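In what follows, a single structure is set out as structure tokens and then discussed.
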Amino acid sequence: MKNYVDISDIDSIETWVQEAISLKKAPLEFQNLGQGKTLCMLFFNSSLRTRLSTQKAAMNLGMNVMVMNIGSEGWQLEFEDGAVMDAGKAEHIKEAAAVVSQYCDVIAIRAFANLVDKSDDAQEKVLNGFKKYATVPIVNMESATAHPLQALADTITITEHRKVQRPKVVLSWAPHPKALPHAVANSFAKMMQRMDVDLSITHPKGYELDADVVNNVPIIYDQEEALQNADFVYTKNWSSYTNYGQVLSKDKNWTITAQKMKLTNDGKFMHCLPVRRNMVVSDDVLDSDQSIVIEQANNRTYAAQLVLKKLIS
Ligand code: AN0
Ligand code: CP
């Protein structure tokens with residue numbers, strides 16, 4: 001594997017999940033592997049989990065870590081080929097990516113969707129710019145359209161908590177006051193299609209995800225019908241994909257409540273976090289034993305550790 005930018009970079013999910021679970025049992029087993037190697041994490045957006053779990057993962061492998069909030073502290077980058085740089089942008093991605101590559105062995109990047117122009121976001125200019133011009137491996141820490149480290153942690157978590165071989169997994173939209181990206185939902189939906197699970201998606205009309213992500217997965221517009229007998233309820237807000245980046249509904253009838261969780265098969269509640277309490281999910285669910293969100297966040301470390309281990313081995 002040259003880079004980890006999408007879940008399509010995973011050759012065998014089953015093997016990866018087992019390898020990650022082994023790392024979780026003995027996190028320091030490869031603490032000499034990263035000796036003298038450096039991870040550089042570049043953030044164009046905020047983060048709690050991704051930043052700390054990826055740093056922890058690198059430290060468990062004995063790597064050095066450099067972190068830069070490049071979006072707020074770096075030079076403004078130009079991504080267009082042949083641009084005449086006579087306006088605000090001070091540095092071209094060609095130099096920036098090549099220069100960062102001089103200082104480290106792996107570059108990890110977070111660069112969210114702008115949610116203004118669909119085709120612009122689909123081009124993944126930041127991630128692909130680094131991929132093209134860096135001379136070291138690239139890790140996606142959530143790009144415009146994908147969050148593959150989250151999806152890997154999610155699949156580890158489901159494997160650990162499943163009570164049947166083929167659990168019923170429901171991806172449910174929930175309300176949120178702000179327009180959020182599709183990346184988490186995209187990578188989760190694609191990941192579940194590669195797993196032995198019975199996946200369905202529920203959301204209000206107008207919130208259909210990219211057809212290339214959904215494929216043949218059933219969409220159920222009635223949330224309560226979708227939740228029947230679910231083993232895992234993966235909740236996430238996203239903005240409209242059709243009316244790109246728009247918030248079409250903040251309907252709290254879609255909030256996940258303890259009452260709704262009663263429809264499930266004693267199902268587990270999942271969310272990538274950060275989560276808005278009593279908007280996306282009610283306190284009584286998040287504070288109950290049905291919630292596995294903290295374990296999900298814990299597994300971010302082992303997902304990142306596995307990816308870094310493969311990239312530096
Ligand atoms: C981001 C999102 O929805 O993509 C990051 C989630 C990991 N969430 C927020 O901006 C609240
Ligand atoms: N789930 C996740 O990626 O969280 P952060 O945005 O805090 O990194």
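For the reader, a short list of remarks on this structure follows.
- Residues located in the stretch 98-113, provided they are surrounded by fewer than 22 Cβ atoms within 10 Å (Cβ to Cβ) and under 15 Å from residue 34 (Cβ atoms): 104, 105
- Test: residue in the stretch 4-11 that is under 22 Å from residue 134 (Cβ atoms), assigned to a strand (DSSP E or B), within 16 Å of ligand 2 (Cβ to nearest atom) and touching a Pro at 6+ places or on another chain (Cβ under 8 Å): yes
- So residue 307, is it farther than 30 Å from residue 9 by Cα, in a helix (DSSP H, G or I) and either of a type in the set (Gly, Ala, Ser) or touching a strand residue (DSSP E or B) at 6+ places or on another chain (Cβ under 7 Å) (or both): no
Results for (1) assigned to a strand (DSSP E or B); (2) within 19 Å of the chain's Cα centre (by Cα); (3) within 14 Å of ligand 2 (Cβ to nearest atom), shown as yes or no for each residue.
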{"residue": "136", "(1), (2), (3)": "no, no, no"}
{"residue": "142", "(1), (2), (3)": "no, yes, yes"}
{"residue": "149", "(1), (2), (3)": "no, yes, yes"}
{"residue": "163", "(1), (2), (3)": "no, no, no"}
{"residue": "166", "(1), (2), (3)": "no, no, no"}
{"residue": "170", "(1), (2), (3)": "yes, yes, no"}
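- Flag if residue 229 is modelled with pLDDT of 95 or more, open to solvent by 60 Å² or more (accessible area, probe 1.4 Å) and either touching an Asp or Glu at 6+ places or on another chain (Cβ under 8 Å) or closer than 30 Å to residue 105 by Cβ (or both): no
- Only one entry of 181, 177 meets the criterion of being open to solvent by 10 Å² or more (accessible area, probe 1.4 Å), under 20 Å from residue 296 (Cβ atoms), in a loop (DSSP other than H, G, I, E, B) and within 14 Å of ligand 1 (Cβ to nearest atom), and that entry is 181.
- Only a single item in (1) in a helix (DSSP H, G or I); (2) in contact with a Leu (Cβ under 6 Å, 6 or more places away or on another chain); (3) open to solvent by less than 50 Å² (accessible area, probe 1.4 Å) is not met by residue 19, and it is number (3).
- Restricting attention to the stretch 22-54, the residues that are touching a strand residue (DSSP E or B) at 6+ places or on another chain (Cβ under 9 Å), within 16 Å of ligand 1 (Cβ to nearest atom) and open to solvent by 20 Å² or more (accessible area, probe 1.4 Å) add up to 5.
- Index of the failed condition, residue 154 passing every other in (1) open to solvent by 10 Å² or more (accessible area, probe 1.4 Å); (2) among the charged types (D, E, K, R); (3) touching a Phe, Trp or Tyr at 6+ places or on another chain (Cβ under 8 Å): (1)
- Scan of the stretch 259-280 for residues that are in contact (Cβ under 8 Å) with a residue 40 or more places away in the chain, within 16 Å of ligand 1 (Cβ to nearest atom) and surrounded by 22 or more Cβ atoms within 10 Å (Cβ to Cβ), ordered by number: 270, 272, 280
- Scanning the stretch 69-117 for residues that are without any contact (Cβ under 8 Å) to a residue 60 or more places away in the chain, in contact with a helix residue (DSSP H, G or I) (Cβ under 9 Å, 6 or more places away or on another chain) and part of a helix (DSSP H, G or I) yields 70, 93, 94, 95, 96, 97, 98, 101.
- Checked against (1) within 19 Å of residue 155 (Cβ to Cβ); (2) surrounded by 16 or more Cβ atoms within 10 Å (Cβ to Cβ), residue 294 meets all criteria but (2).
- Of all the residues in the stretch 184-197, those that are assigned to a loop (DSSP other than H, G, I, E, B) and either more than 22 Å from residue 260 (Cβ to Cβ) or aromatic (Phe, Trp, Tyr) (or both) number 3.
The values are calculated or read from the model by the stated rules, or taken from the named source; none is laboratory data. All values derive from a computational prediction rather than experimental measurement. All Cβ positions, even for glycine, are placed from backbone atoms using ideal geometry, and neighbour counts span all protein chains on display. Just the protein is used for accessible areas: all its heavy atoms, side chains included, with ligands, DNA and RNA removed. Shrake-Rupley method; radii C 1.70, N 1.55, O 1.52, S 1.80 Å.
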